[in-house]
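Student: Here it is, the structure, as structure tokens.
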Amino acid sequence: MEREKLGIKEYIFIASMLFGMFFGAGNLIFPIHLGQLAGSQWLTAGIGFLITGTILPLLAIISISITRSNGIYDLAKPIGERYATFFMVMVCATLGPLFATPRTATTPFQIAFGQSLNSSQTPIALLIYSAIFFSITYSFSKRPMGIIDSIGKLLNPAFLILLTVIFVFSFTRPLGKASSQATTALYHGGSSSFLNGFLQGYNTMDAIAGLLFGIAIVTTIKGLGIKRPTMIAKVAAKSSVLSITLEALIYMVLIWIGATSLEYFKISADGGIGFSQIAMHFLGLPGQIILAIMATLACLTTSIGLSTSFAEAMHSKFPKIRYEVWNILTCSFSFVFANVGLDQIIAWSTPMLMFLYPLAITLIALSIASPLFKKARIIYIMTTAFTIIPAIIDAIASAPAVISASSWAKIILSIDKRFLPFAGYGMDWVLPATIGFTVGLIIYLLKKGTIKNTIMD
């Protein structure tokens, strides 16, 4: 039965579902680590982090709503069908079995058990933990329409309650004063802190996840009886604002906690270790147990959302393979790659994110602005063509030493730093993307006759 509007409870449930899908592995560990790195510059770095960690995911959802797309493929199709397929598969693979989904198991394992197990015990323990983890993920994600019940009504509220316990202790008995803490070299100065915080937000993967989650969001909204495209867009936008606002508040608190922890602890190797130390300081062993449960719940909700969205996206593009088969594939391969270990997953996911994020950011911006130039293909094509080369270079620069330290890579990176601004920050794509957009816009206006008519007048 078709409906014209939803009630407040349904908006809250959809927002809760979105929050649970977004807030997972990296969302717990990276803000803590950023706070420790930024020290007294935590607020400036946090603002940069919020842009890529919350605003871009919100814009990703809005871009799908504005263009009335069914997912990543439709959104990128103006650039070309082959490119759209390539971009969709790359995003799905990154968020699915290659990086993001395996990380949802390795992160809570590292937080809960990594510090208490020796090197000989870790492999078998991770094998057992990840097997149970992805069995649960598969069980919950078998039915796409059940996702709002499993995430929005059950797992997500439990996570928020557990997270609140940690926050209460942090505010009532703060570890130290964040504004007086030392900063690391990369975070000296406001602009450096902001840009590095901006890049740290890539690690959450939420902007590209927003492009993938759009399918699950639309499916859920339609299942609630909203059928008209304009109403689907409004419901998605309103629910996203609720979800992202809550996420932004949590991020800033986590970053602040990370900065205050420097009073007692050294900068940890990753945010998982830092969070574990903080929980142990406040609550002892009960704190460790709470943190282990909290991390598992948070990452499990994201794993369910990623697996569901991956299977739906791939089935939509390659319908000969059933949803159930894609779901089995992503859960199985995620289990395999999870057992490689968290450090290796992070090390190899970083270059992929440095490549995908510039392309995702420009695609989101073009999609939102598309009504102004009627989705002109030339603007999409030129912007993407000028963006993709520096994006590849950024991926090389952030790759493990086996690639980034090679002789050929050093030559490419030296040329890049010499001619493109912000190359040292991984932002060398900004100027080329702007040039590409400008060139595409000029060509579009010339074809339309706007510039010619203006000159003649």
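Student: Out of (1) closer than 30 Å to GLN288 by Cβ; (2) touching a residue at least 12 places away in the same chain (Cβ under 8 Å); (3) not small (Gly, Ala, Ser), the odd one out for GLN121 is which?
Tutor: With respect to (1) closer than 30 Å to GLN288 by Cβ; (2) touching a residue at least 12 places away in the same chain (Cβ under 8 Å); (3) not small (Gly, Ala, Ser), GLN121 is out only on (2).
Student: Let me ask something else. Whether any residue in the range 342-363 is crowded, with 21+ Cβ neighbours inside 10 Å, more than 15 Å from the chain's Cα centre (by Cα), under 14 Å from ALA207 (Cα atoms) and not small (Gly, Ala, Ser) is what I want to check.
Tutor: Yes: one or more hits.
Student: Given the range 378-457, what helices (runs of 4 or more DSSP H) lie entirely inside it while holding 2 or more residues that are among the small types (Gly, Ala, Ser) and farther than 28 Å from ALA84 by Cβ?
Tutor: Qualifying helices (runs of 4 or more DSSP H): 401-404, 407-419.
Student: Let me ask something else. Hey, among THR450, THR454, which residue is among the hydroxyl-bearing types (Ser, Thr, Tyr), at pLDDT below 80 and closer than 15 Å to PHE373 by Cα?
Tutor: Of the residues listed, the single one that is among the hydroxyl-bearing types (Ser, Thr, Tyr), at pLDDT below 80 and closer than 15 Å to PHE373 by Cα is THR450.
Student: Taking SER268, is it surrounded by 24 or more Cβ atoms within 10 Å (Cβ to Cβ) and in the same structural domain as MET294 (by TED's automatic domain parsing)?
Tutor: For SER268, the condition - surrounded by 24 or more Cβ atoms within 10 Å (Cβ to Cβ) and in the same structural domain as MET294 (by TED's automatic domain parsing) - is not met.
Student: Here is a further query. Go through TYR11, TYR83 for me and flag whichever is out of contact with any strand residue (DSSP E or B) (no Cβ under 8 Å at 6 or more places or on another chain), closer than 24 Å to GLY440 by Cβ and assigned to a helix (DSSP H, G or I).
Tutor: TYR83
Student: Another one. Considering only the range 4-24, I want to know if a residue exists there that is within 24 Å of ASP343 (Cβ to Cβ), in contact (Cβ under 8 Å) with a residue 60 or more places away in the chain, in the same structural domain as GLY274 (by TED's automatic domain parsing) and surrounded by fewer than 24 Cβ atoms within 10 Å (Cβ to Cβ).
Tutor: Looking through the range 4-24, none of the residues is within 24 Å of ASP343 (Cβ to Cβ), in contact (Cβ under 8 Å) with a residue 60 or more places away in the chain, in the same structural domain as GLY274 (by TED's automatic domain parsing) and surrounded by fewer than 24 Cβ atoms within 10 Å (Cβ to Cβ).
Student: Can I ask one more? Have a look at SER316, SER307, SER332, SER370 and point out the one that is surrounded by fewer than 17 Cβ atoms within 10 Å (Cβ to Cβ) and either on the phi > 0 side of the Ramachandran plot or among the small types (Gly, Ala, Ser) (or both).
Tutor: The unique qualifying residue is SER332.
Student: Moving on. With the requirement that a residue be buried (at least 24 other Cβ atoms within 10 Å of the Cβ) and either within 16 Å of the chain's Cα centre (by Cα) or aliphatic (A, V, I, L, M) (or both), what does the range 38-47 give you?
Tutor: ALA38, ALA45, GLY46
Student: Just to verify a result, which residue in the range 60-88, among those that are free of Cβ contacts under 8 Å to residues at least 40 places away in the same chain and surrounded by fewer than 18 Cβ atoms within 10 Å (Cβ to Cβ), is nearest to the chain's Cα centre (by Cα)?
Tutor: PHE86
Student: Quickly run through the range 301-315 and pick out the residues that are out of contact with any Phe, Trp or Tyr (no Cβ under 6 Å at 6 or more places or on another chain), modelled with pLDDT under 85 and polar (S, T, N, Q).
Tutor: Of everything in the range 301-315, those that are out of contact with any Phe, Trp or Tyr (no Cβ under 6 Å at 6 or more places or on another chain), modelled with pLDDT under 85 and polar (S, T, N, Q) turn out to be THR301, THR302.
Student: On to the next question. State yes or no: is PRO57 surrounded by 24 or more Cβ atoms within 10 Å (Cβ to Cβ) and either of a type in the set (S, T, N, Q) or more than 17 Å from TYR202 (Cβ to Cβ) (or both)?
Tutor: Spelling it out, it is not the case that PRO57 is surrounded by 24 or more Cβ atoms within 10 Å (Cβ to Cβ) and either of a type in the set (S, T, N, Q) or more than 17 Å from TYR202 (Cβ to Cβ) (or both).
Student: Among GLY46, GLY20, which is the only one that is modelled with pLDDT under 85, of a type in the set (Gly, Ala, Ser) and touching a helix residue (DSSP H, G or I) at 6+ places or on another chain (Cβ under 9 Å)?
Tutor: Among GLY46, GLY20, only GLY20 is modelled with pLDDT under 85, of a type in the set (Gly, Ala, Ser) and touching a helix residue (DSSP H, G or I) at 6+ places or on another chain (Cβ under 9 Å).
Student: Looking only at the range 168-185, decide whether some residue is under 16 Å from the mean Cα position of the chain (by Cα), touching a residue at least 60 places away in the same chain (Cβ under 8 Å) and closer than 23 Å to PRO108 by Cα.
Tutor: no
Student: Residue check, LYS374 against (1) in contact with a helix residue (DSSP H, G or I) (Cβ under 7 Å, 6 or more places away or on another chain); (2) within 26 Å of THR67 (Cβ to Cβ), all met but one. Which one?
Tutor: Result: LYS374 fails condition (1) only.
The values are calculated or read from the model by the stated rules, or taken from the named source; none is laboratory data. Please read all numbers here as calculations on a predicted model, not as lab measurements. Neighbour counts run over all protein chains shown; Cβ positions are idealised from the backbone, glycine included.
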